[in-house]
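Worksheet for the structure shown next.
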Amino acid sequence: MGKKPSVIVVGAGGFGKNHVRVLAELGSLGGVCDIDREKASTYGKLYNVPYYLNVSDIPEGAYDGAIVSTPTSTHKDVAMQIASKEIGYIFIEKPFTPTLKEAIELIEFLKRKNVKIMVGFIERFNPAVKMVKKYVDEEALGEIIMASATRVRRWPERIIDSGVLLDTAIHDVDLMRYLFSEEPIKVYAKTGKSMHRIHEDYATILLTFQSGKMALINANWLTPFKIRSIEVIGSEGVVEADLVTQQVTLSSKDDRITPFSEWREPLRYELKHFLDCITSNEKPNPDERDALKALEIIEASLKSSKTGNSVEVST
Ligand SMILES: NC(=O)c1ccc[n+]([C@@H]2O[C@H](COP(=O)([O-])OP(=O)(O)OC[C@H]3O[C@@H](n4cnc5c(N)ncnc54)[C@H](O)[C@@H]3O)[C@@H](O)[C@H]2O)c1
């Protein structure tokens, strides 16, 4: 067995603390960086790893990989600084950047530095999604016709710098591309604002694909309880997945089964993949193309909602 990769987590806040914990469990937490001294020192001391208050303080060549889990508006600057520390693998939380333009600039920069990029579309690593994908790929549902996704909860009031499309619906935009193994060609969306001061807090997106498939995505921050679910409808059956409980149900004309599978933390699989790529010098997946496509579709959704027309996207 070779040496385990050493990874630093930059941004140990609400979600970053999970990266810290899981990397420690996987034996690959090499350091923590957070501008909040309390957070940096708490996790540094808890896991007995070096901690830094600024990316500029991270020593060059000390880490194999880095996780960027700072607020989305800072991803580009933070990732660019990390790349100058001779870190060859950078994992950037979703949404990759607030805009497609920033994403293009960041990717060009990271490619010039030979950095391999992973984007945090964690749902691809949800065991329930894996099972749905298997049914789709093995044609257990016959020919795929359409899919839908629901992702709703009460507004997490700390999120003020983005709306429900960029922050939340982006997970399902990525899932639809992943499940169909196809790019949408057109986007139609309607959004609205009820409680959020600046951005939309409810949205419906309709994606249409070259093959005729369609996908409907519903996201809001109004529903007082949490639902995260997907449903894929084929000519011979339907598969439904609850992404919170990870329960999957497959139904055909004659049968309805709920295969047993134990609940597993998606973040563990996601980070394991990142570490495996570092160890084997492979390109992670989902990567920069997935980051770009999802942002393009989100921006097309915002445009569609504003103009009232459907918007074409590149394939
Ligand atoms: N994959 C998922 O399901 C998922 C879930 C939640 C959040 N996220 C994403 O993770 C990112 C972080 O979200 P959060 O809710 O944890 O935010 P947060 O505000 O709770 O935490 C961000 C942390 O980054 C630190 N920070 C800010 N600027 C920094 C800098 N320049 N250098 C070092 N540290 C810095 C802050 O002090 C804070 O501790 C966002 O992009 C968000 O969209 C992803």
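Candidates Thr191, Thr258, Thr245: the one that is β-branched (Val, Ile, Thr) and within 18 Å of Ser310 (Cα to Cα) is Thr191.
Considering the range 25-51, and only residues there that are within 10 Å of the ligand (Cβ to nearest atom), among the acidic types (Asp, Glu) and open to solvent by 50 Å² or more (accessible area, probe 1.4 Å), the residue that is farthest from Pro98 (Cα to Cα) turns out to be Glu38. Within the range 12-19, identify whether any single residue is without any contact (Cβ under 8 Å) to a residue 12 or more places away in the chain, under 27 Å from Asp167 (Cα atoms) and open to solvent by 50 Å² or more (accessible area, probe 1.4 Å), and answer yes or no. No, there is no match, as no residue in the range 12-19 is without any contact (Cβ under 8 Å) to a residue 12 or more places away in the chain, under 27 Å from Asp167 (Cα atoms) and open to solvent by 50 Å² or more (accessible area, probe 1.4 Å). Scanning the range 115-146 for residues that are assigned to a helix (DSSP H, G or I), of a type in the set (Lys, Arg) and open to solvent by 50 Å² or more (accessible area, probe 1.4 Å) returns Lys130, Lys134. Flag not set for Asn54, criterion: more than 10 Å from the ligand (Cβ to nearest atom), open to solvent by 70 Å² or more (accessible area, probe 1.4 Å) and modelled with pLDDT of 95 or more. Contact list please: Cβ distance under 7 Å, first residue in the range 246-274 and basic (Lys, Arg), second residue within 15 Å of the ligand (Cβ to nearest atom), pairs at least six apart or on different chains. Between residues of the range 246-274 that are basic (Lys, Arg) and residues that are within 15 Å of the ligand (Cβ to nearest atom), the close pairs are Arg268/Val22. Output the residues belonging to the range 251-292 that are out of contact with any helix residue (DSSP H, G or I) (no Cβ under 6 Å at 6 or more places or on another chain), more than 27 Å from Leu26 (Cβ to Cβ) and surrounded by 14 or more Cβ atoms within 10 Å (Cβ to Cβ). Listed by number, the residues that qualify are Ser251, Ser252. Number of residues in the range 192-227 that are farther than 19 Å from Ser314 by Cα and either aromatic (Phe, Trp, Tyr) or open to solvent by less than 40 Å² (accessible area, probe 1.4 Å) (or both) equals 12. Listed here are the strands (runs of 3 or more DSSP E) enclosed by the range 209-315 that have at least 3 residues being within 22 Å of the chain's Cα centre (by Cα): 214-220, 227-234, 237-242.
Would you pick out the residues in the range 48-66 that are closer than 14 Å to Ala83 by Cβ and touching a helix residue (DSSP H, G or I) at 6+ places or on another chain (Cβ under 6 Å)? Answer for the range 48-66, where residues must be closer than 14 Å to Ala83 by Cβ and touching a helix residue (DSSP H, G or I) at 6+ places or on another chain (Cβ under 6 Å): Val55, Asp64, Gly65, Ala66. Would you mind stating whether Val115 is among the β-branched types (Val, Ile, Thr), over 17 Å from the mean Cα position of the chain (by Cα) and not assigned by TED's automatic domain parsing to the domain that holds Cys33? Against the criterion (among the β-branched types (Val, Ile, Thr), over 17 Å from the mean Cα position of the chain (by Cα) and not assigned by TED's automatic domain parsing to the domain that holds Cys33), Val115 does not qualify. Within the bounds of the range 159-181, is there any residue that is modelled with pLDDT of 95 or more, open to solvent by 40 Å² or more (accessible area, probe 1.4 Å) and of a type in the set (Val, Ile, Thr)? Within the range 159-181, not a single residue is modelled with pLDDT of 95 or more, open to solvent by 40 Å² or more (accessible area, probe 1.4 Å) and of a type in the set (Val, Ile, Thr).
Residues that are assigned to a loop (DSSP other than H, G, I, E, B), within 17 Å of Glu288 (Cα to Cα) and within 16 Å of the ligand (Cβ to nearest atom): does the range 60-71 have at least one? Yes, that holds for at least one residue.
The values are calculated or read from the model by the stated rules, or taken from the named source; none is laboratory data. No experiment lies behind these values; they were computed from the predicted model shown. Ideal geometry is used to build each Cβ from the backbone, glycine not excepted, and the neighbour counts take in all protein chains shown. For accessibility, only protein heavy atoms count, side chains too; no ligands or nucleic acids. Shrake-Rupley method; radii C 1.70, N 1.55, O 1.52, S 1.80 Å.
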